[in-house]
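Inspection log for the structure reproduced underneath, given as structure tokens.
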Amino acid sequence: MSATHTEVTAQVAELEPCGQEGHVDCGIRDVLDRVGDRWSVLVIVELANGTRRFRQLQRAIDGISQRMLTLTVRRLERDGLVERTVYPTVPAQVDYRLTAAGASLTHLVRALADWSLEHRDGIARSREDYDARHPGHDIR
């Protein structure tokens, strides 16, 4: 899929298994550790709309603590997805923006969001059906 491709198809993509014995790890686990957590995705979504200051991010991302936002933007910066700029003012002003790599990720996040919206009702029905067939199996 190209970086600009956002159409989700019903066909199965050709994927090689990762992390199996005798197969070189393709690196997807490392990437998913970062972009697979909810806070990183929400920061990327917010920064897709432009440069933000720390407090703007914190206000825009419901439920994120100051400590978690600090950790999240540091990890994204370390991974080269976010650029942090500190301005020599008193008090210091800091803003965050997506790098080119971070910006290219927004197309995949958008495709995932579109897929989620398309399948949300079906997933909810499947969960209800599963829970009805397996009472007492709380796997949430």
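Can you give me the % of accessible surface on the stretch 51-104 that is carbon or sulfur? Probe 1.4 Å, all protein chains present, nothing else counted.
C and S atoms contribute 48 percent here.
Between Asp37 and Asp129, what's the calculated FRET efficiency when r is the beta-carbon distance and R0 is 30 Å? Round to 0.05.
It comes to 0.60.
Give me the Kirkwood hydrodynamic radius of the stretch 25-81 in Å, from all C-alpha pairs, to one decimal place?
Working: mean 1/r = 0.0853 Å⁻¹.
Hydrodynamic radius (Kirkwood, Cα pairs) of the stretch 25-81 is 11.7 Å.
To one decimal place, what Kirkwood hydrodynamic radius in Å is obtained for the stretch 66-140 from all pairs of distinct Cα atoms? Before the final figure, lay out the partial values.
Numbers: mean 1/r = 0.0624 Å⁻¹.
Here the Kirkwood hydrodynamic radius works out to 16.0 Å.
Could you compute the FRET efficiency for Ala60 and Ile28, with r as their C-beta to C-beta distance and R0 at 35 Å, rounded to 0.05?
Numbers: r = 28 Å, r/R0 = 0.81.
Result of the calculation: an efficiency of 0.80.
The values are calculated or read from the model by the stated rules, or taken from the named source; none is laboratory data. Remember, predicted model here, so these are calculated numbers, not experimental data. As a convention, Cβ positions derive from the backbone with ideal geometry for all residues, glycine included, and neighbour counts pool all protein chains shown. Just so you know, the surface numbers come from the protein's heavy atoms only, side chains and all, with ligands and any DNA or RNA stripped out. Shrake-Rupley method; radii C 1.70, N 1.55, O 1.52, S 1.80 Å.
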